[in-house]
Each structure stands twice: as structure tokens, then as C-alpha cells.
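A.B. asks: Mind looking over this structure? Questions follow.
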Amino acid sequence: MKKIGQTIIEEGIVQTNNLKTRTTARAIIINQDKVLLLYSKKYDDYTTPGGGIKENENYQQALVRELKEELGVRKVKIIQEIGYTVEIRFGLSKKENIYQQKSFYYLCQIDSIGQPD
């Protein structure tokens, strides 16, 4: 899969060695010519649906699980790989932790949005 864009480094990060790593799978879902995004009240931002890959999961399995958890989706069709991004950011709860997150994006179709798990 090809890298999309340049590595994003959060403002204020000066040292990028000894990073914790996180890998995610994310869905690009287009519905009526609009891209579906999730809104987080906690962080007051929008993001593509998806999340972290657990041990013993591949990217596609993680994506299907995350879409079920976040959107209540029961049927996911992965149409194609889009690419991946790399971000270096502070951790959400502790500013002393710095993460390198690699996010893999897939164009997906879903059956419908239901009750999130």
C-alpha cells in the first residue's frame, strides 16, 4: 500500500525517537456523494471510522470489527485499498507519551448504520 502525503507531526514535538507505535484501519465510506465522518464530543473533532488493530487481527478484520462497534454496521464490503498515513502525536491522556500512528485506509460500502456496539 502506498503512503498518502507527508508525515504529520503535532506542533510542539521536537524529539521523535523512542516513540510508542499504533496501527489503525480506517474506512472511507461515501454516501450520496458525501464522505461519512464520526464526531467526537469528547475531543470536539471529526474522524474517519475505524480504529486500532488488535493482536491476532489483520487490517480487514479490525476494520469490520471497528465499524460494527462505532456505527453498528453488520455488513462491510471492502472495495479497495487507498493508502496509509503516518502521524506523530502526543498521547490523548499524557503529554509525555508520543505516538507514531500508521493508519491504513480502505474504500468501503456498508449495508446501513445501526446501533453501535
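A.B. asks: Taking the condition of being in contact with a Ser or Thr (Cβ under 9 Å, 6 or more places away or on another chain) and either of a type in the set (Gly, Ala, Ser) or more than 15 Å from Thr24 (Cβ to Cβ) (or both), how many residues in the stretch 39-58 meet it?
C.D. replies: 6
A.B. asks: Still on this structure, I have one more. Give all pairs with beta carbons closer than 8 Å in which a residue from the stretch 1-27 that is surrounded by fewer than 11 Cβ atoms within 10 Å (Cβ to Cβ) meets a residue that is part of a loop (DSSP other than H, G, I, E, B); count only pairs at least 6 apart in sequence or on separate chains.
C.D. replies: Lys20/Gly91; Lys20/Asn97
A.B. asks: Another question, then. So, in the stretch 70-96, how many residues would count as being crowded, with 18+ Cβ neighbours inside 10 Å and polar (S, T, N, Q)?
C.D. replies: The total comes to 1.
A.B. asks: Quick check on the stretch 48-69: of everything there that is among the hydrophobic types (A, V, I, L, M, F, W, C) and open to solvent by 10 Å² or more (accessible area, probe 1.4 Å), which residue is farthest from Glu81 (Cα to Cα)?
C.D. replies: Looking at residues that are among the hydrophobic types (A, V, I, L, M, F, W, C) and open to solvent by 10 Å² or more (accessible area, probe 1.4 Å), I get Ile53.
A.B. asks: Kindly indicate the residue of the stretch 76-117 that is under 16 Å from Ile28 (Cβ atoms) and in contact with a helix residue (DSSP H, G or I) (Cβ under 8 Å, 6 or more places away or on another chain) and also modelled with the lowest pLDDT among those meeting that condition.
C.D. replies: Ile113
The values are calculated or read from the model by the stated rules, or taken from the named source; none is laboratory data. Here the structure is a predicted model, which means the values were calculated and not measured. As a convention, Cβ positions derive from the backbone with ideal geometry for all residues, glycine included, and neighbour counts pool all protein chains shown. Ligands, DNA and RNA are stripped out before the accessible areas are found, and what is left, the full protein with its side chains, is counted by its heavy atoms. Shrake-Rupley method; radii C 1.70, N 1.55, O 1.52, S 1.80 Å.
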